[in-house]
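Read through the structure below, which is laid out as structure tokens, and then see the notes.
What follows draws every value from the coordinates through simple rules; no lab data is involved. Everything numeric here is computed off the predicted structure, so don't read it as measured data. A quick note on method: Cβ atoms are made from the backbone with ideal geometry, for glycine too, and the neighbour counts reach across all protein chains shown.
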Amino acid sequence: MKKLPELLKHNAILSHWSSYPEGSIERAKSIGIELLARYTNLELTEQLWESELNIVAKEQAWKPLGLKSREEFIKAVTGRTETAVRKKITAAAKAREMAAAYPSLTQTEIAKQVGCTQQSVSKATTKTSETDKEVVCPEWIKSRTDQATFRKLSPADQERVRVGGRGSLRGIAIAAGIVKVASVLQQLRKVWAKATESDRRTFLEEVANG
């Protein structure tokens, strides 16, 4: 993961962007962190790049951060222009195609032909399905329950947890639908079932009296 740019740093751990008010700085920064995660693993998740840009455009994430355009937002987050990012996408796609069509070619030979580094070719042609590699949890995830939750997340959300650090797992897991949170009505029913008759009468009287 690329180092978090100053623009996206925050004094608290940010959860999924959808949990923040529209137009807020926290929402914009969280979108930026997600975009950076996509960019960092671009060779592995290029299909997510366009969908992430659609979020940036729809939310106009650059405005709360004092930037002028989507292009300026991309440059501030990734350190590259949108054109440069798209060249990286194209090079990665070509590398995958060549590796599949000509298995005898070395990564160095492929890198020369597509115009990127050998490291990028290696990353672009690495298999990423969960059956191909073990999901390694961050060292700070200690409990088995949290480890199981982390492994159920998508690769992109796992990367967000690694970036967000302690405290980000639950918020991202909730946004992803992995962890279910009881609604207010469900919580009220649970508390009501435990309440005494006296407590129930007092509560109903308070409600009736407004």
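Three principal axis extents of the chain based on alpha-carbon atoms, in descending order, are 80, 43, 26 Å. Principal axis extents of the C-alpha atoms in the stretch 86-204 (largest first, rounded to whole Å): 80, 29, 23. Here the dipole of the chain is about 280 debye; that uses its Cα centre as origin and unit charges on the Cβ of Lys and Arg (positive) and Asp and Glu (negative). For the pair Tyr102 and Glu205, label points projected 7 Å from Cα toward Cβ lie 8.7 nm apart. Structure remark: mean-square fluctuation, Gaussian network model of the chain, C-alpha springs under 10 Å; the largest value among Thr78, Thr117, Thr196 belongs to Thr196. Length available on full extension from Ala182 to Ala148: 0.36 nm per residue minus the Cα-Cα distance, which gives 10.2 nm. Summarising the amide proton neighbourhood of Ser154: residues at separation of 5 or more, or on other chains, whose placed amide H is nearer than 5 Å comprise an empty set.
Converting phi to 3J(HN,Hα) with the Karplus coefficients 6.51, -1.76 and 1.60 and the offset θ = phi - 60°, the stretch 23-32 yields x, 7, 5, 4, 4, 5, 5, 5, 4, x Hz in sequence order, with x at every glycine or proline.
Each of the trypsin sites (Lys or Arg not before Pro) that DSSP puts in a loop and that has at most 15 other Cβ atoms within 10 Å breaks the chain; the longest unbroken stretch is 10-67.
With each label modelled as a point 7 angstrom along the Cα→C-beta vector, the Ser24-Thr40 pair spans 2.3 nm.
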